[in-house]
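Worksheet: one structure, shown below.
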Amino acid sequence: MKKQVILFMSMILALLVMMPVVLAQEQSVEIKGYQWAFSSDQTNYYFGRDNISYAVDKHGKIDKSRLLFSAIMTYEQAKAQDIIAQREANGQKMTGYENFHGIIEVREIDLDKKMVLIQSHQDIDAAFKVLNAESSDQLYDLKVLPKDHPEYIFAQQIIDYAANHEDDLNHNTKNIQRALRKSPKTAGK
């Protein structure tokens with residue numbers, strides 16, 4: 001009998017230990033072209049696996065020390081409500097924010113400098129309709145962020161993905177180069 005109780009308690013303990021992992025996976029939603037990276041307390045982080053690439057300058061030269069990608073962060077209700085309240089307190093536009101769900105950003109990671117630059121930021125609703133868009137110059141210095149900070153974890157997930165999917169990044173980067181070569185031709189038409 002004692003062994004059965006210990007076995008039963010062990011199974012309950014194992015379930016309790018696994019519960020947060022299962023809940024985090026249930027909270028993440030499939031978004032076409034994006035891959036779930038991880039979830040923090042109130043935010044689910046995704047990156048555009050179909051568009052992650054190396055940086056390309058205006059002459060088409062590839063810079064493998066810089067990663068470009070789009071990111072989607074969806075918020076749990078409490079965080080979304082906090083952001084809505086903050087916008088309201090600052091007198092910012094509120095149209096559509098009753099369905100505010102998260103943000104889409106264009107980001108760049110400089111692997112040499114260990115910096116993350118957010119180039120643009122869009123607030124989105126639950127249907128991914130853009131509520132507000134703005135350029136950004138927000139920086140995160142990975143050298144000083146704590147390793148348990150969500151922005152550090154997210155950046156590291158992207159860096160790891162890039163290291164393990166170089167062929168995909170090369171393919172995506174070549175698509176960007178082709179588009180750059182075509183853009184002057186179409187601009188003149």
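Read-outs throughout are calculated quantities, based only on the coordinates presented, and are distinct from any laboratory measurement. Bear in mind the structure is a predicted one, so any value in this text is a computation, not a measurement. A quick note on method: Cβ atoms are made from the backbone with ideal geometry, for glycine too, and the neighbour counts reach across all protein chains shown.
A compact table of results
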read-out	value
In the stretch 54-113, trypsin sites (Lys or Arg not before Pro) in a DSSP loop with at most 16 other beta-carbon atoms within 10 Å	K58, K61, K93, K113
The stretch 113-177 - convex hull of alpha carbons, volume per residue in Å³	149
Amide H within-cut-off set for T43, under 5 Å, with H built and near neighbours excluded	E76
Rounded if a/c under 1.5, otherwise prolate or oblate - the stretch 30-187, Cα gyration tensor axes	prolate
Unit charges at the beta carbon, dipole of the stretch 30-187: most positive-side option, V56, N99, Y161	V56
Test item: Cα-centred dipole of the stretch 30-187, Lys/Arg +1 and Asp/Glu -1 on Cβ, debye	880
